[in-house]
Amino acid sequence: MRPWLAPLLLYALSSSVWAWSDHASLLWPLVRTQPEMLETTLKVESLDDFLRTEATGLAALLSGHEAMSRETFPHYAPRPDSLTFTADADDLREAFLRAIRVNPTLAYPLYRQTTVEDPFVAPGLVKNFNELSFLAGGVSHDSIVYVALSAGDLVAPAHVLASGSDEPDFGLDIGLFEDNDTDFASDYGFGTQPFGNPNLDYSSQAPFHMGFYHLDWLTRKAQPDLLRTYPEWRVSLFRALSQFAFETGHDYWGWRFAGWGLHYIGDLTQPYHAHPLPGVNTVEALWAVVRGKTNEAIQLVSNRHGVLESYQYQRVQKSLDQKEWSSPILAAVASAVDVPVFDELTVREVLTKESVDAGAELDGVLQSNMPPRYVSDPAFEWTGSGEEAAIVVTVASDRGEQAIAVLDAAVAEQMLQFSRFAQAWINDARSNWLSDASAESTP
Ligand SMILES: [Zn+2]
């Protein structure tokens, strides 16, 4: 059978894989209201020290998690046995990074991202994005101030969690497929890149940051590669590592791993990360095929995805810069109402289901309120259009203030979702942290 979504979908899905740029700032309105998260009580520890101290327990944990993953996750790519982490490895860091199958060329240094509420940072402590990532950065990352930390420094859980939640966008999931041009990917067992252009840096992380767990029968049958997505597994793995770090008294790594997991949760609350074609049902998709309009439908969805992320970023950033904590969007992030209890089924059975359900309405809101060129012209390409920074001004002049109000409400709605699941995740991590603290009677 000839796949109806054609290779273009595979490419189109690659253009906007940043989701929300700057996850750390997005989380800040939520964690800044939680006093125990702001106490500077965590002792910073290097990855090497953590690994050296806990190598034996870690080996058991990772083997157990791998066995569980093979049994539990449909379409999971088993980790080759040659990557098994052992406590007697010559290079524990390399062995660990390969065992959890992240990009091993990143330094994973000690640092944190500053917030709009940070006091002045001494220039000597500032780290640039290019010390944290091999990526070129982008509008958002280049303007962020990062601070170097040293082993033994004290830092607040809120800062470690927030900083960690942006880290998976630094390249951790880039170059992991065998057709990506890296030295290590051929050992990793993920096979060829299921979608996205394998020659583009950013696009190779898409299958780790998008989770298509609720595809219709037609798509599953015609495009089975879309089933090879891994954020649910990443969340589970980083949750297990976080829990292990807390249990063994390494609270800094407990929160940092929790930050890593939170990244994927944030991505998946965005409907365009939970379904390849939100708002297009099976019948419409078939009809598009019949009319030869499939590529157009895909281009439109890709543009709406990018337009939404740019608009959301600009609105959040403006409120943050002005510290408008009571603005509807930031207040939504901080609201944390109707928070579920997080467990291993949450990502698949609750979070992504809700995101898929929200997709059609969101897609409609964008269609009715964004400039038509951005969201209804299949000949237009949003990514690289150069219109990102001015998007709010353009919407206001083309569609009026009423459109801004409707779009803001849609973004606030999404922020409510983010807040619920982020808080569920924080509660889960905090319970592991606190049970460790009471056991060890640390401050
Ligand atoms: Zn992401």
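Derivation of every value follows stated rules applied to the coordinates shown; laboratory data play no part. These figures come from a predicted structure and were not determined experimentally. Glycine also receives a Cβ, built like all others from the backbone with ideal geometry; neighbour counts cover every protein chain displayed.
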Exercise. Divide by every residue of the chain the summed helix terms, -39500 (n - 2.57) for each DSSP H run of at least 4, and state the resulting mean residue ellipticity at 222 nm, rounded to the nearest 500 deg cm²/dmol.
Key: -16500 deg cm²/dmol
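What is the local net charge at residue 382, summed over the other residues whose Cβ is closer than 9 Å to its Cβ (Lys, Arg +1; Asp, Glu -1)? Don't skip to the answer; put the middle values down first.
Details: positive: 304; negative: 381, 387, 388.
After counting each charged neighbour, the total is -2.
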Practice problem: Return the whole-Å distance between the Cα centroid of the stretch 85-143 and the Cα centroid of the stretch 356-404. | Solution: 34
Quiz item: Which value in Å is the Kirkwood Rh of the stretch 294-443 over different Cα pairs?
Solution: 17.4
Quiz item: Excluding residue 84 itself, what net charge comes from residues whose Cβ is under 10 Å from its Cβ, given Lys and Arg +1 and Asp and Glu -1?
Solution: 0
Quiz item: Ordered by packing density, taken as the mean number of other Cβ atoms within 10 Å over each peptide's residues, highest first, how do 37-48, 83-94, 101-112 rank?
Solution: 101-112, 37-48, 83-94
Quiz prompt | Backbone HN-Hα couplings from phi across the stretch 33-38 [Karplus 6.51/-1.76/1.60, Hz, Gly and Pro as x] | solution = 9, 10, x, 5, 6, 9
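Plugging the Kirkwood radius over Cα pairs into Stokes-Einstein for the chain, at a temperature of 37 °C and a viscosity of 0.692 mPa s, what D comes out in µm²/s? Write down the numbers at each step before the final one.
Details: Rh = 22.3 Å.
Approximately 147 µm²/s, per Stokes-Einstein.
Taking the chain, how many lysine pairs are there with alpha carbons less than 26 Å apart, if each pair must be eight or more places apart or span two chains? Please report the intermediate quantities before stating the final value.
Values: 43/127; 127/318; 127/323; 221/293; 221/353.
Going through the chain pair by pair, I get 5.
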Self-check item: HN-Hα J in Hz across the stretch 171-186 - Karplus 6.51, -1.76, 1.60, θ = phi - 60°, x for Gly and Pro
Solution: x, 3, 9, 9, x, 8, 9, 5, 8, 7, 8, 10, 6, 9, 4, 5
